[in-house]
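Each remark here refers to the structure printed beneath this line.
The values are calculated or read from the model by the stated rules, or taken from the named source; none is laboratory data. It should be emphasised that the depicted structure is a prediction, and the values quoted were computed from it without experimental measurement. Reconstructed Cβ throughout: ideal geometry from the backbone, glycine too, with neighbour counts over all protein chains shown.
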Amino acid sequence: MKEEIIFGSKKIILVGTAHISRESIEEVEQVIAEVQPDTVCVELCASRYESIRNADRWKSMDIVKVIKQGKAPMLMANLILSAFQKKMGDKLGVKPGAEMIAAITKAEEIGAKIVLADRDLTITLKRAWGNLSFWEKMKLMFQILLGIFESPDISEDEVEALKQGDMLTEAIETMSKELPGIKSVLIDERDHYQASKISMAAGEIIVAVVGAGHVPGIKKYIGKPIDLSKLETLPPKGKVGKYLKWIIPALIFALIGYGFWGMETNVSLEMIKRWVLVNGVLSALGAAIAGGHILTIIAAFIAAPITSLNPTIAAGWVSGLTEAWIRKPKVEDFENLANDITSIKGFRSNEITKILLVVVFSNLGSTIGTIVGIPLITKLLL
């Protein structure tokens, strides 16, 4: 898919690609060789550029730092999405993002400037997450987790068909209906962002290599005034979640306190017992499902009833750090990460992803335990 736009003295050529398409690679190289642009813009941010240029980037990752900064769920989601794309690429014999590398390589050959035109991936993911309702977040998490199990069955012809406008429109409309918050951030905002970056690119002839789904939007917004600072601002944390993380512990303490002062002591002791068991067992179960060490499972059981009453720390952090301490990732874990993320077995055997699974599932178990635990202890007061 190729579109030409005249903007002032500039000639902008948009090349719409499918990210695992051989034909896209050939088209990108051909267009750049033919038009000899002054600048080549690519749909990459600095972190994604580094990730596809440097396959060994994982070796410098500090998993303990990731856990302490609360970035484990974000990294986990990113790995699963990367795994799904890699599965499709392996099936078709095309490395995901190969057309972007081809564009950069060709631009370097002819001496053209290179512009990374996309918004930072972390900002995009955080804005997308912040745009979702609670139930949309649950739905998305479920779909992401299913991504580990799915083995995509797609032909080369189907990949090429995805570059056709009518199919893209239908796919985007479906996404808009199911997760409107995701669509506005992943498609609309990035259309605005990339249109602005491409419009500001130096030179008279510019080739922009972008996903085919962004071509109509970018074409629409080229040359329009766009405030990039707004698109780069992280969404404020929701007030409901901010208040709930303090209200829930206060409620639990109030219920148990009322049991001690307003009822028999054995009632409050039973409340504490139920709270400890339901939180501890479910969090420990999550760690066990993730394949955690026995000491990690015990740590999750002990930590969950306490951390669920402390808004500043999560059970998954404790269990994840315990797992990282007991089973420190080895050099081969980093070397095999790209392949291990494409299968359930690999996810559970690689120490890096196992630690991430422990964090996520321990937290999930503790969260469910809190939801179940409140009515369980309240019932004793009735």
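Filter the stretch 258-278 down to residues that are of a type in the set (Lys, Arg) and either without any contact (Cβ under 8 Å) to a residue 40 or more places away in the chain or in contact with a Cys (Cβ under 6 Å, 6 or more places away or on another chain) (or both), then give me how many there are.
Residues of the stretch 258-278 of a type in the set (Lys, Arg): 273-274.
Then drop every residue that is not either without any contact (Cβ under 8 Å) to a residue 40 or more places away in the chain or in contact with a Cys (Cβ under 6 Å, 6 or more places away or on another chain) (or both), which leaves 273.
Count: 1.
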| field | Residue check, ILE226 under 28 Å from the mean Cα position of the chain (by Cα), modelled with pLDDT of 90 or more and part of a loop (DSSP other than H, G, I, E, B) | value | yes
| task | Would you confirm whether any residue within the stretch 262-273 is of a type in the set (Asp, Glu) and surrounded by 20 or more Cβ atoms within 10 Å (Cβ to Cβ)? | result | no
| How about the stretch 17-41: which of its residues are in contact with a Gly (Cβ under 7 Å, 6 or more places away or on another chain) and not in a loop (DSSP other than H, G, I, E, B)? | THR17, THR39
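What about ALA46, is it outside the structural domain of TRP325 (by TED's automatic domain parsing) and either farther than 30 Å from PHE347 by Cα or at pLDDT below 70 (or both)?
Values: outside the structural domain of TRP325 (by TED's automatic domain parsing): yes; either farther than 30 Å from PHE347 by Cα or at pLDDT below 70 (or both): no.
For ALA46, the condition - outside the structural domain of TRP325 (by TED's automatic domain parsing) and either farther than 30 Å from PHE347 by Cα or at pLDDT below 70 (or both) - is not met.
Does the stretch 291-330 hold any residues that are in a loop (DSSP other than H, G, I, E, B), touching a residue at least 40 places away in the same chain (Cβ under 8 Å) and over 20 Å from GLU351 (Cβ atoms), and which are they? I'd like the intermediate steps shown before the answer.
So in the stretch 291-330, the residues in a loop (DSSP other than H, G, I, E, B) come out as 291-293, 308-314, 327-330.
Now drop any that are not touching a residue at least 40 places away in the same chain (Cβ under 8 Å), which leaves 291-292, 308-311, 314, 329.
Selection gives SER308, LEU309, ASN310, PRO311, ALA314.
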